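Working notes, structure below.
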Amino acid sequence: MKVAARLPFSWQLAIGRALGGALRRLKRRKRHTTQRNLEICFPELDAGERADLLKRHFEAVGTSFVEMAFGWFAPIDEILARVTITGREHLDHALASGKGTLLFCAHFTTVEVGVAVLEAIAPRIACMYRPQRNAMMDVMILRGRSRFAREQIPRDNVRALVRNLREKQVVAYMPDQTYTGGQSELLPFFGEPAVTNTATSKLAAIGDATVLPYFFRRLPGTQGYRVDIGPPLPNFPSGDAVEDTRRLFALLESYIRLAPEQYLWVYKKFKGRPPPYPDVYATEKRGNGEREEDAR
């Protein structure tokens, strides 16, 4: 990974695309999950257009491994030279307000580059962290993100998150994946009901924090990356957690549409829904009686 981090950008992209092509052919279950997500979220596309989007998504997933290396091991000056940051004034203003700042992020394939720049633009960052099943990967992620995050908070440690906000720190928070705990509701995602985490505005209220949208994407060709820091939403939190979450996810959907191949579609976004909602990832029997394996 250290070697990959120092390669020319065009080489990194080529390696990532090749790796993504291999993943698309080998990871049948992930391919099936991605295909179903794209069918649900982009019904306006025909079969050929969705097949092309699926191909580009796996290329983005493959590239994410090289981007991970770049975000963890490249000198921060090299990362900043490749990343254009827009809306930094919103973060500066939030930091100057004397309150905590909650960055509403999401699972884009470019996440490790998108968050790496926080080392240079904000002091004392903390981030929510999901422990990995693979012990080696768990250690690698913790070490890699330690360059910008003074504290990595397990996703179930709400007290630590609130404590950081009350201490007027910045916390990067990604609540876009399925969450079936008490702070969840069925809310539309690209028009389809999904079990959605509604805790963002409540955490902001308890921690007396400003919420800023913080999204990122890779630009075409070798133009680099773009980080977009949005202004705080007016009247947020409003006291209505469900409506606040609708507003946040509407912003997320709009951003995903700018580069839809770069959102993490290999994840089962529509799992965990109660009856009578169907399991959209279930597969039908094939002619030989076998079933295609689904993503875990």
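The values are calculated or read from the model by the stated rules, or taken from the named source; none is laboratory data. Note that the structure is a prediction, hence the values are computed from the model and not measured. Backbone-built Cβ (ideal geometry, glycine too); neighbour counts: all protein chains shown. Quick note on the areas: whole protein, heavy atoms, side chains included, nothing else; ligands and nucleic acids left out. Shrake-Rupley method; radii C 1.70, N 1.55, O 1.52, S 1.80 Å.
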Ser201 passes all but one of the listed conditions (1) modelled with pLDDT of 95 or more; (2) buried (at least 17 other Cβ atoms within 10 Å of the Cβ); (3) assigned to a helix (DSSP H, G or I); the exception is number (1)
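Conditions (1) surrounded by 15 or more Cβ atoms within 10 Å (Cβ to Cβ); (2) out of contact with any helix residue (DSSP H, G or I) (no Cβ under 7 Å at 6 or more places or on another chain); (3) not in a strand (DSSP E or B), marked per residue:
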residue	(1), (2), (3)
Pro131	no, no, yes
Met136	no, yes, yes
Ile153	yes, no, no
Val162	yes, no, yes
Ala172	yes, no, no
Gln177	yes, yes, yes
Listed residues Ala126, Ala94; which is small (Gly, Ala, Ser) and assigned to a strand (DSSP E or B)? Ala126
Number of the condition not met by Ile85 [criteria: (1) part of a helix (DSSP H, G or I); (2) open to solvent by 40 Å² or more (accessible area, probe 1.4 Å)]: (1)
When the range 66-79 is checked residue by residue, the ones that are out of contact with any Asp or Glu (no Cβ under 9 Å at 6 or more places or on another chain) and either open to solvent by 30 Å² or more (accessible area, probe 1.4 Å) or not hydrophobic (A, V, I, L, M, F, W, C) (or both) are Phe73, Pro75, Asp77, Glu78
Breaking point among (1) modelled with pLDDT under 95; (2) in contact with a strand residue (DSSP E or B) (Cβ under 8 Å, 6 or more places away or on another chain), for Gly87: (1)
Mind telling me which of the residues Leu187, Leu248 ends up being over 22 Å from Ala116 (Cα atoms), open to solvent by less than 20 Å² (accessible area, probe 1.4 Å) and part of a strand (DSSP E or B)? Leu187
Quick check: anything in the range 212-221 open to solvent by less than 70 Å² (accessible area, probe 1.4 Å), at pLDDT below 95 and part of a loop (DSSP other than H, G, I, E, B)? no
